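First up is the structure itself, then whatever we jot down about it.
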Amino acid sequence: MDFPPFPGFREEAFAFLRDLKANNLRDWFKPRKEIYEDEVVWPLRCLLLDAAREAAGQGLPLRADPRRSIFRIYRDTRFSKNKDPYKTHAGGVLSRTGDHRSPGVVYVHVEPGASFLGAGFWRPDAALLRAWRHHMTTAPEAFLDLAADLEARGLPLDNGVEMLRRMPRGFEAHADTALAPYLRRKSFVVTRPVDEAALATPDFTATLVAFMEATLPLLAFGWAAETHRPRDRR
């Protein structure tokens, strides 16, 4: 199925998400699911695929898939005290495969009053996180230059991410280096807030592509780190 260029999110999309936050009930959502699909999911798919087309033209290795790029609205409540059945935001990604589960993504978050763009590696699995740390210690200047360049672009690595209290095992020798605070991180992400007015215009595709281009070095560093993953021993 061909998707048209991104039309912009209409006010109906934000109104639906605001109303869902106030009425997070299956009986409220079910008769309004078509509104969700038409006003929220459809334009989000158009945005991701439109940006992916632009990215391909610029040689950026980020793809989107109509199904696999978008997160489900249904919450997993099995192990949560919060039993609300639905998320009150919409989210989708561009990745190397088009799948939202791929490591290293550009993320679009649509939520009234709290929309943002993000990029990086959010809570990578233990093997990839250790590979990240090894890659940083083998190329410390490259990583520190990367972090400084992102900050100069107004995209500092998020300091609000979860961090270890102590240096991770095997990296204690770096406790007194400039890498130390980065080695204690459990995620490597940057974010940029966006307002509803920006999301309402087709021009937002260009904004997203520019963000993809600016954050590609961070993604590329993490993808290169995958070569440091420990191999299975059999």
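Would you mind stating whether Ala220 is modelled with pLDDT of 95 or more and either of a type outside the set (Val, Ile, Thr) or open to solvent by less than 50 Å² (accessible area, probe 1.4 Å) (or both)?
Here the answer is yes, as Ala220 does meet what is asked.
Taking the condition in a helix (DSSP H, G or I), surrounded by fewer than 21 Cβ atoms within 10 Å (Cβ to Cβ), small (Gly, Ala, Ser) and on the phi < 0 side of the Ramachandran plot, does Ala13 pass?
no
Sort out which residues of the range 100-135 are under 27 Å from Ala13 (Cα atoms) and open to solvent by less than 20 Å² (accessible area, probe 1.4 Å), and write them in order of number.
Listed by number, the residues that qualify are Val106, Val108, His109, Val110, Ser115, Leu117, Gly118, Ala119, Gly120.
Can you say whether Val190 is assigned to a strand (DSSP E or B) and either among the aromatic types (Phe, Trp, Tyr) or at negative phi (or both), as far as the supplied structure shows?
Yes: the conditions hold for Val190.
Limited to the range 165-201, what total is found for residues that are of a type outside the set (Phe, Trp, Tyr) and surrounded by 14 or more Cβ atoms within 10 Å (Cβ to Cβ)?
20
Being open to solvent by 60 Å² or more (accessible area, probe 1.4 Å), of a type outside the set (Asp, Glu) and either within 19 Å of Pro5 (Cβ to Cβ) or free of Cβ contacts under 8 Å to residues at least 12 places away in the same chain (or both) is the filter here; which residues of the range 29-58 pass it?
Matches in the range 29-58: Lys30, Pro31, Lys33, Trp42, Arg53, Ala56, Gly57, Gln58.
Here's a check for you: in the range 68-84, which residue that is of a type in the set (Lys, Arg) and within 24 Å of Ala15 (Cα to Cα) is most open to solvent (accessible area, probe 1.4 Å)?
The extreme case among them is Arg72.
Could you tell me whether any residue of the range 99-108 is closer than 19 Å to Gly222 by Cβ and touching a His at 6+ places or on another chain (Cβ under 7 Å)?
The answer is no, given that none of the residues of the range 99-108 is closer than 19 Å to Gly222 by Cβ and touching a His at 6+ places or on another chain (Cβ under 7 Å).
Take Arg26 and tell me if it is modelled with pLDDT of 95 or more and open to solvent by less than 60 Å² (accessible area, probe 1.4 Å).
No: the conditions fail for Arg26.
Which residue is nearest to Asp125 (Cα to Cα), if the candidates are limited to the range 59-113 and must be of a type in the set (S, T, N, Q) and without any contact (Cβ under 8 Å) to a residue 40 or more places away in the chain?
Per the stated criteria, the residue is Ser102.
Only residues that are more than 17 Å from Leu155 (Cβ to Cβ) and touching a strand residue (DSSP E or B) at 6+ places or on another chain (Cβ under 7 Å): list them for the range 180-203, please.
Arg184, Lys186, Leu199
The values are calculated or read from the model by the stated rules, or taken from the named source; none is laboratory data. Predicted model, so just to flag it, every value in this text is computed and none were measured. Heads up, the Cβs are rebuilt from the backbone with ideal geometry, glycines too, and the neighbour counts pull from every protein chain shown. Note: accessible area is taken over every heavy atom of the protein model, side chains too, but ligands, DNA and RNA are not part of it. Shrake-Rupley method; radii C 1.70, N 1.55, O 1.52, S 1.80 Å.
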